[in-house]
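Enquirer: Below you'll find the structure I mean.
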Amino acid sequence: MSIPIQKPFLIVVEGQDDEAILELLLGHLGIPSVQIVNANGKDSIRNVVTVLAGQEGYRQVQGVGIVRDADSSPESAQQSCEDSLRGLEKKSAYFVLPGDGPGMLEDLCLRAVLGRPEIDCVDRFMECLGANGTRLSNLSKFRMKAFLMVHDEDTARRIGWAAVRG
């Protein structure tokens with residue numbers, strides 16, 4: 001695996017949605033010096049960091065970061081990030097989403113829409129599904145997608161895709 005290094009700061013992310021949202025955020029903030037690297041899964045982050053450290057151009061890198069979901073265990077996610085960054089001779093940092101407990105990117109984004117009437121409707125819909133025996137495998141992803149569909153039915157694809165569409 002080869003990952004060309006194009007910028008002085010690298011942030012390794014868990015997936016497509018993280019990549020899309022961070023790229024939009026960096027663009028909005030006018031920060032062009034950060035390269036987002038999609039690890040295609042939390043279990044690949046350590047390997048991607050190792051590959052990056054061995055790439056030509058790594059000497060010019062000034063810092064490496066990781067952004068990943070806490071999922072059910074923020075402590076485990078934090079330990080995984082620390083292990084992945086251990087031994088790098090660069091400044092390093094990590095952020096475990098949502099930042100204050102279990103969860104994921106969708107949980108962080110959902111906080112931005114709390115109190116909106118649409119989210120109340122989505123929550124009632126989810127309650128109805130549960131009362132009728134429907135089991136949802138990922139409540140946060142379902143809730144986010146349902147909220148997004150209220151605004152544009154095509155946005156049900158992925159949260160990062162929806163962010164790119166505005």
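The values are calculated or read from the model by the stated rules, or taken from the named source; none is laboratory data. Computed from a prediction, not measured in an experiment: that's the story for all the values here. Note that each Cβ is placed from the backbone with ideal geometry, even for glycine, and that neighbours are counted across all protein chains shown. Surface accessibility is based on the protein's heavy atoms, side chains included, excluding ligands, DNA and RNA. Shrake-Rupley method; radii C 1.70, N 1.55, O 1.52, S 1.80 Å.
Enquirer: Is the range 46-63 home to any residue that is touching an Asp or Glu at 6+ places or on another chain (Cβ under 7 Å) and either closer than 28 Å to ASP100 by Cβ or aromatic (Phe, Trp, Tyr) (or both)?
Expert: Taking every residue of the range 46-63 in turn, at least one turns out to be touching an Asp or Glu at 6+ places or on another chain (Cβ under 7 Å) and either closer than 28 Å to ASP100 by Cβ or aromatic (Phe, Trp, Tyr) (or both).
Enquirer: Return the residue satisfying two criteria in turn: it lies in the range 94-118 and is of a type in the set (A, V, I, L, M) and open to solvent by 70 Å² or more (accessible area, probe 1.4 Å), and of such residues it is nearest to PRO8 (Cα to Cα).
Expert: ALA112
Enquirer: Another one. Scan the range 69-79 and tell me whether some residue there is modelled with pLDDT of 95 or more and closer than 18 Å to ALA20 by Cα.
Expert: Yes, there is a match, as at least one residue in the range 69-79 is modelled with pLDDT of 95 or more and closer than 18 Å to ALA20 by Cα.
Enquirer: Okay, moving on. May I ask you to verify whether VAL64 is surrounded by 15 or more Cβ atoms within 10 Å (Cβ to Cβ), of a type outside the set (D, E, K, R) and touching a Ser or Thr at 6+ places or on another chain (Cβ under 6 Å)?
Expert: Taking the combined requirement at face value, the residue satisfies it.
Enquirer: Could you go through the range 70-93 and let me know if any residue there is under 11 Å from the mean Cα position of the chain (by Cα), on the phi < 0 side of the Ramachandran plot and open to solvent by less than 20 Å² (accessible area, probe 1.4 Å).
Expert: yes
Enquirer: Looking only at the range 2-34, which residues are free of Cβ contacts under 8 Å to residues at least 12 places away in the same chain and surrounded by fewer than 17 Cβ atoms within 10 Å (Cβ to Cβ)?
Expert: Restricting attention to the range 2-34, the residues satisfying the condition of being free of Cβ contacts under 8 Å to residues at least 12 places away in the same chain are 25-31.
Listed by number, the residues that qualify are LEU25, GLY27, HIS28, LEU29, GLY30, ILE31.
Enquirer: Next question, about the same structure. For the range 35-61, what are the residues that are open to solvent by 20 Å² or more (accessible area, probe 1.4 Å) and more than 18 Å from the chain's Cα centre (by Cα)?
Expert: Residues satisfying the conditions are THR50, VAL51, ALA53, GLY54, GLN55, GLU56, GLY57, TYR58, ARG59, GLN60.
Enquirer: Specify the residue that is nearest to ARG86 (Cα to Cα); the eligible residues are those in the range 35-48 that are in a helix (DSSP H, G or I) and out of contact with any strand residue (DSSP E or B) (no Cβ under 6 Å at 6 or more places or on another chain).
Expert: Ranking the candidates gives ARG46 first.
Enquirer: Of all residues in the range 132-148, which are buried (at least 16 other Cβ atoms within 10 Å of the Cβ) and not charged (D, E, K, R)? Talk me through it step by step, then tell me what you get.
Expert: Filtering the range 132-148 down to residues buried (at least 16 other Cβ atoms within 10 Å of the Cβ) leaves 140-148.
Once the filter is applied, which keeps residues that are buried (at least 16 other Cβ atoms within 10 Å of the Cβ) and not charged (D, E, K, R), the range 132-148 yields SER140, PHE142, MET144, ALA146, PHE147, LEU148.
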